[in-house]
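The values are calculated or read from the model by the stated rules, or taken from the named source; none is laboratory data. Given the structure is predicted, the values throughout are model-derived calculations rather than measurements. As a convention, Cβ positions derive from the backbone with ideal geometry for all residues, glycine included, and neighbour counts pool all protein chains shown. For the accessible areas, the whole protein counts, side chains as well, though only heavy atoms, and no ligand, DNA or RNA atoms are used. Shrake-Rupley method; radii C 1.70, N 1.55, O 1.52, S 1.80 Å.
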Amino acid sequence: MEFLYWLQDSGLATWVRESDALGSTFPYTFLLALHAIGLAMLVGPNVAVDLRILGYGRSVPLASLEGFFRLMWAGFWLNALSGLVLLPTSAVTFLTDPIFYVKLGSITLAVVGLRLIHREVFVGRSGIVTTRAKTLAGASLASWSIAIVAGRLMAYNGNVRWATLGALVALLLLLLVMTAGWRMLARGPGWSVSLRRST
Amino acid sequence: MGPFVAYWLRWPSMEALMGTDWGWSLCEILHFAGLALLVGIVGMFDLRLLGMAKAVPVAPFRRFLPWAVVGFVLCVVSGLSFVTGIGANLEGVHPYSVLISNGVHPYSVLIANLWLQLKLLFIALAGLNLLAF
């Protein structure tokens, strides 16, 4: 605890948090923007690779997507560094917050998953999709979703968190029901066919 | 009667939605998920055109663009909720009614905030760019 307070009151953390360089809270805002850009560089392409493994856009050769791994690692390091500078600004709140560890844990899982996907699909094999690769891709999508949700919820306290989680689950269930309903409609009601055949 | 009609005409009231415990934070989550999809996938496309990952064939890669469109829709819906629901966010922080009676409307953020205008302008440019493909 002592250490966390020291960290939070250190010169760098105070400067990042409170400096009004360029007329506003420039350092803090700038770092947050970098963090969002890194998110897009890492998560976006990773989602595309996962989707390709799960079967979308089959006409794109999977092996060719390896070229985007450089972009993903650049995004990862950008976010690791900007996160490392942002962390001390509220060290006490973040490092005592369970949801911060949920965020870090899911990011760790996702990044380890990305390395495993790289080894499974790209190294030495020309992009053959195995069942293991599909499992990894699904796990990767789930971990990134959890990471984004947890990261956003860090800005709020208990009550709002549970309400938001509830609303998110409700929204996802609604989408699921709507998709299922749409598919059934698109397929056409099977019972009418069997009725017609039976008469 | 007047305020009631005004309220009813604006149904569904974004102030009510964004005033709930979960409205604002839920939209933030959707905004970030949309950001990753939109900027990530369009960025891959642009970088491919600029010469990164040359092994990726350009034409089939367009198959991924619908996912970027999903991201775009997520961002627009949640972003509009931020702007139209900003009154709810001001409520409690500021004396909201005082702001209104001084003639400061919540949507004046659209007129007053240069950064929001720049953001919308560049999003529009990026959108035109995407449509050109």
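Give the interface area between chains A and B as buried accessible surface, both sides summed, probe 1.4 Å, in Å² to the nearest 100.
Accessible area lost upon association: around 2800 Å².
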Inset, instruction - Apply the Karplus parameterisation 6.51 cos²θ - 1.76 cosθ + 1.60, with θ equal to phi minus 60°, to every residue of the range A:155-166 and state each ³J(HN,Hα) to the nearest whole Hz, in sequence, with x for glycine and proline. - result: 6, 10, 9, x, 4, 4, 4, 5, 4, 5, 4, x
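With every protein chain left in place, what is the accessible area per residue of the range A:2-155 in square angstrom, probe 1.4 Å?
Numbers: 7530 Å² over 154 residues.
Ligands and nucleic acids excluded, the result is 49 Å² per residue.
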Legend entry - Residues losing 50 Å² or more accessible surface upon assembly, the range A:142-173, compared with the chain by itself, 1.4 Å: A:ILE148, A:ARG152, A:TYR156, A:THR164
Legend entry - Total charge dipole magnitude, chain A, about the Cα centre, Cβ charges on Lys, Arg, Asp, Glu only, Debye to nearest 20: 1400
Inset, instruction - For chain A, just run the numbers: alpha carbon Rg, then divide by 2.2 N^0.38 Å, N being how many residues it has. - result: 1.35
Legend entry - Heavy-atom accessible area order for A:GLU18, A:GLU66, largest first, 1.4 Å probe: A:GLU18, A:GLU66
Legend entry - Where A:MET72, B:MET52 fall by accessible area, highest first, once all protein chains stay in place (1.4 Å): B:MET52, A:MET72
Inset, instruction - Taking only Cα atoms and a 10 Å spring cutoff, compute GNM fluctuations for chain A and point out the largest among A:VAL47, A:VAL102, A:VAL169. - result: A:VAL169
Inset, instruction - On a 0 to 90° scale, report how tilted helix A:98-117 is relative to the longest principal axis of chain A, with both axes built from alpha carbons and the result rounded to the nearest 10. - result: 60
